[in-house]
Amino acid sequence: MGEVTKGMYGQQARMTVALLAVLGTQVGWCFVRDTIKNLNPSTDCKDINAVREAVLRAMCVKAAPHIDLDEKLKQFAIFLLHRDGFDDVARWHSGEAKDVLADPYWAVNEVEALTSSKYHWYTHGLPMWPLPHQALPNTTVTKLPSLKKKKKSVDWPNYGLATPIYFASNAWRNQEWSLEEFFQQKKKSSPFKSHKDFHKLAKEVVTSVDGSKVESYSEWPFFKYSLVPMVKSMVERNKGLCPDELYVYLRVTPCYPSEAAHLTCAQAALHARTLLTHASCRSTDVIVGYTQNYNKDAL
């Protein structure tokens with residue numbers, strides 16, 4: 001079992017969220033990408049006190065410009081597969097997916113107004129990256145079994161980021177209804193590699209999440225659908241070597257205020273450990289860092 005290490009700021013270094021409004025107007029409580037509200041990496045990622053804090057800080061700095069947050073939406077996570085345990089520099093690899101961190105206008109939880117109802121859904125289908133049928137190419141075969149193409153090995157990124165799936169506003173209407181309207185709207189000119197498969201996956205994710213507990217949801221869906229293929233891809237790139245570490249950074253630790261921190265806060269790390277075992281990388285350490293404890297002021 002790998003070591004699970006948790007990092008946190010001291011009370012004297014509580015973060016303040018610097019919200020930046022750029023290029024546009026607010027739509028309900030959500031924002032299309034014409035209006036950007038981001039954390040300020042220079043202040044919000046400054047004082048992480050944990051083992052290997054340099055890597056955790058670099059992760060926070062990379063993620064902050066790509067998350068739309070406000071006074072209600074405060075949680076996000078980023079995870080990174082790190083090859084060399086002696087290296088304190090975070091290494092970023094996008095694989096065959098879009099290099100989203102290089103796009104200053106890309107946000108993982110960007111939303112858009114739906115054409116018919118004017119309600120909203122996530123521009124990328126779900127507020128997670130990467131996901132199958134979204135940012136990565138699919139392996140396709142012909143209809144004739146005798147002419148099947150050789151299965152393609154996809155080069156996955158070594159990092160991912162996400163926010164919870166928020167359902168708090170009337171602007172969303174019923175979340176499943178809004179999701180269905182979004183995928184119907186995109187059907188003829190879908191940006192997804194496999195519209196049908198990703199639609200099915202998004203529906204499964206939405207119906208499995210408890211919308212009243214999204215802030216403290218520990219088993220984040222992007223772990224379930226992305227981590228194992230990411231690990232396998234990294235092992236292939238490194239000629240059979242597993243990553244030394246999996247870093248997970250959460251802005252707010254996913255705990256209920258009334259629950260014991262050592263039980264609930266460890267759930268994300270324990271879930272990651274199980275998935276690493278499925279990917280045949282039992283030796284990979286899991287290091288979890290966060291900025292604030294879950295409490296009424298943080299969320």
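The values are calculated or read from the model by the stated rules, or taken from the named source; none is laboratory data. Predicted model, so just to flag it, every value in this text is computed and none were measured. Methodologically, a virtual Cβ is constructed for each residue, glycine included, from the backbone with ideal geometry; neighbour enumeration extends over all protein chains shown.
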- Note on the structure: Checked region 87-102 for anything touching a residue at least 12 places away in the same chain (Cβ under 8 Å) and either touching a strand residue (DSSP E or B) at 6+ places or on another chain (Cβ under 7 Å) or in a loop (DSSP other than H, G, I, E, B) (or both); matches are Asp88, Val89, Ala90, Arg91, Trp92, His93, Ser94, Gly95, Glu96, Ala97, Lys98, Val100
- Per-region count, region 120-132, residues in a loop (DSSP other than H, G, I, E, B) and either buried (at least 21 other Cβ atoms within 10 Å of the Cβ) or acidic (Asp, Glu) (or both): 6
- Query: Residues of region 218-232 being crowded, with 22+ Cβ neighbours inside 10 Å and over 22 Å from Thr253 (Cβ atoms), which ones?
  - Reply: Met230, Val231
- Query: Quick check, is Leu69 crowded, with 16+ Cβ neighbours inside 10 Å, under 29 Å from Phe167 (Cα atoms) and in contact (Cβ under 8 Å) with a residue 40 or more places away in the chain?
  - Reply: yes
- Item | Residue list for region 152-174, filter: at pLDDT below 90, among the polar types (S, T, N, Q) and either closer than 30 Å to Asp99 by Cβ or touching a Cys at 6+ places or on another chain (Cβ under 8 Å) (or both) | Ser153, Thr163, Ser169
- Task: Quick one: Ala54 ticks every box in (1) without any contact (Cβ under 8 Å) to a residue 60 or more places away in the chain; (2) buried (at least 17 other Cβ atoms within 10 Å of the Cβ) except a single one, so which number is it?
- Result: (2)
- Item | Selected residue (criterion: modelled with the highest pLDDT) from residues of region 204-213 that are within 19 Å of Ala272 (Cβ to Cβ) and either in contact with a strand residue (DSSP E or B) (Cβ under 9 Å, 6 or more places away or on another chain) or assigned to a helix (DSSP H, G or I) (or both) | Val205
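Residue by residue through region 37-71, note down the ones that are of a type in the set (Gly, Ala, Ser) and at pLDDT 75 or above.
Within region 37-71, Ala54, Ala58, Ala63, Ala64 meet the criteria.
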- Expected output for region 175-187 (first residue under 25 Å from Asp210 (Cβ atoms) and in contact (Cβ under 8 Å) with a residue 60 or more places away in the chain, partner in a helix (DSSP H, G or I) and of a type in the set (A, V, I, L, M, F, W, C), Cβ below 7 Å, 6+ apart or cross-chain) is Ser178/Trp172
- Message: Being touching a Gly at 6+ places or on another chain (Cβ under 7 Å) and modelled with pLDDT under 95 is the requirement here; does Pro130 meet it?
- Response: yes
- Task: For Thr253, work out the one condition from (1) modelled with pLDDT of 85 or more; (2) surrounded by 18 or more Cβ atoms within 10 Å (Cβ to Cβ) it doesn't fulfil.
- Result: (1)
- What are the residues in region 175-204 that are over 16 Å from Thr123 (Cβ atoms) and among the aliphatic types (A, V, I, L, M), if any? Leu201
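Looking at region 133-151, which of its residues are out of contact with any His (no Cβ under 9 Å at 6 or more places or on another chain) and modelled with pLDDT of 65 or more?
Within region 133-151, just Leu136 meets the criteria.
If only one of Lys224, Lys239, Lys200, Lys186 is under 22 Å from Cys60 (Cα atoms) and either at pLDDT below 90 or out of contact with any Pro (no Cβ under 6 Å at 6 or more places or on another chain) (or both), which one is it?
The match here is Lys224.
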